[in-house]
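Have a look at the structure below, then the notes.
The values are calculated or read from the model by the stated rules, or taken from the named source; none is laboratory data. Worth saying up front: this structure is predicted, and the values here are computed from it rather than measured. Positions of Cβ are generated from backbone atoms using ideal geometry, with glycine treated the same way; all protein chains shown enter the neighbour counts. Note: areas computed on protein heavy atoms with side chains; ligands, DNA, RNA excluded. Shrake-Rupley method; radii C 1.70, N 1.55, O 1.52, S 1.80 Å.
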Amino acid sequence: MSHHWALIWTVKPGTEKQVEEIFSNYQSPDRIIRDEQGNEKGKLLGTQVFMKDNTVVRVMEIEGDLREAAAHLGKQPQIRELEARLDPLIETPRDMSTPEGARQFFMSTAMRCLVARKLEE
């Protein structure tokens, strides 16, 4: 069963075009979520990123636990590069340089999904 989660944060006013450019060019991470021993724990099924003014919302559909997904994504080179480019533009400082820092950011900005529907054709 999959779950939708969203992360919300703000970027410094005036940096919106830079943020849009960063997101338009980043590479997808490994979609298989693994624990420290390399065992498959879930999957990243999809992501979307939205921005209104200087508020950014990143929506993810995952199979598995959000904490494990956050730790997994925090180790991915593509995500680490993306986050390093975003760090100077984010209003509230964060530490995305470690899996623990990534997990903390995910857990402090996570929004749980109340409704997610897929319409059958």
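Annotations for the structure displayed:
- If you check THR47, THR92 for being at pLDDT below 95, open to solvent by 30 Å² or more (accessible area, probe 1.4 Å), touching a strand residue (DSSP E or B) at 6+ places or on another chain (Cβ under 9 Å) and not in a strand (DSSP E or B), only one passes: THR92.
- Looking across ARG80, ARG112, ARG117, one residue alone is of a type in the set (Lys, Arg) and farther than 16 Å from ARG58 by Cα. It is ARG117.
- Meets criteria (among the basic types (Lys, Arg), open to solvent by 80 Å² or more (accessible area, probe 1.4 Å) and closer than 26 Å to LYS118 by Cα) for ARG31: yes
- Within the stretch 95-117, being acidic (Asp, Glu) and either surrounded by 15 or more Cβ atoms within 10 Å (Cβ to Cβ) or not in a helix (DSSP H, G or I) (or both) holds for one residue alone: ASP95.
- Conditions (1) over 20 Å from ILE8 (Cβ atoms); (2) surrounded by 18 or more Cβ atoms within 10 Å (Cβ to Cβ); number of the one not met by ILE79: (1)
- One residue stands out in the stretch 95-117 among those that are charged (D, E, K, R) and modelled with pLDDT of 80 or more: the one that is nearest to TYR26 (Cα to Cα), namely ASP95.
- Cβ-Cβ distances below 7 Å connect the following pairs, each with a first residue in the stretch 50-78 that is modelled with pLDDT under 90, a second residue that is of a type in the set (Asp, Glu) and open to solvent by 30 Å² or more (accessible area, probe 1.4 Å), and a separation of six or more residues or different chains: GLU68/ASP35; GLN76/ASP30.
- Residue count for the stretch 35-55, restricted to those that are within 17 Å of ALA70 (Cβ to Cβ) and touching a Ser or Thr at 6+ places or on another chain (Cβ under 7 Å): 1
- Residue in the stretch 79-104 that is farthest from the chain's Cα centre (by Cα), counting only those that are free of Cβ contacts under 8 Å to residues at least 40 places away in the same chain and within 17 Å of LEU44 (Cβ to Cβ): PRO99
- Here the stretch 50-76 is the region considered, the condition is being open to solvent by 60 Å² or more (accessible area, probe 1.4 Å) and of a type in the set (Lys, Arg), and the residue that is nearest to PHE105 (Cα to Cα) is ARG67.
- Among (1) over 15 Å from ASP87 (Cβ atoms); (2) open to solvent by 90 Å² or more (accessible area, probe 1.4 Å), the one test that SER2 misses: (2)
- Qualifying residue in the stretch 26-34 (condition: among the acidic types (Asp, Glu) and within 26 Å of GLU68 (Cα to Cα)): yes
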